[in-house]
1. Between Val183 and Ala138, how high is the FRET efficiency from 1/(1 + (r/R0)^6) when r is the Cβ-Cβ distance and R₀ = 25 Å? Nearest 0.05.
2. Going highest first, how would you order 204-217, 182-195 by mean Cβ packing within 10 Å?
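Where a number appears in this text, it was derived from the coordinates with a stated rule and is not lab data. As the structure is a prediction and not an experimental result, all values here were calculated from the model. Methodologically, a virtual Cβ is constructed for each residue, glycine included, from the backbone with ideal geometry; neighbour enumeration extends over all protein chains shown.
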Amino acid sequence: MKKRWIVLLCAALLALTACAAPEMAASPAPTASSAATTTAAADPTAAPTPAEPAQTPAPTPAEQPEAPYADLLALYGQAAQEGWDMEACDAAGLSLMCGRPEQAWGYALQDLDGDGAPELLIGNGREIFDLYALQDGAPKKLLTGWERNAYVLCEDGTVYNTASGGAAYTVFADYAVREGALVPVQTVVFDTDAWTAYDGAEGEGEGVPLTEEEAQAWMDGHAVQTVEITLLHEAQPLGE
């Protein structure tokens, strides 16, 4: 009888062991990768992953101030390089002064009316041979000079003109560049023995008589500016 109880007890223990085994197998041991993840997430001293740097687009290069005048500058450059004479310059619409080989000349860009768009001056640094401004984005010639019709740039940005029609007739005039146009500001005319001043162009309104001293003082009051130019043509001795 005792043996029978021992056999029954052993059978009961075997049954309990068989039931517990599946429950233990249902809980797998953690893998190395999951353990590493858990460790990294729990580590407060771990360095943060750096963010990707923002991509900044490259800036668009600003348009060169010479760009609107590129074709004109190419034409003047050709005249200088090929040594065009006065006739050839005149036929191409360039000042006669560009056809004098003894003249050193070039170009400069200055904003004469303060609108942010520079005007193009062609000259020798003192006299202006040709002057251009932009109208609707395109160059327009405002003036052209020659020996008896000279233009210079004053320090206040105005243009001073001396035009002679002979020993007995000369016109002196101030001009300003405004909105792409050349506007007469004041004019003094010497005709035979009389001096007359006008507000604006000659003949506009009633002229005011001046003495010779008053006229000379007005002319002497112009402070002429020397313009730094980019040289296109170097002076050549006559006969070469």
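1. Numbers: r = 19 Å, r/R0 = 0.78.
Efficiency, rounded to the nearest 0.05: 0.80.
2. Values: 204-217: 12.2, 182-195: 15.8.
Ranked by mean Cβ neighbours within 10 Å, highest first: 182-195, 204-217.
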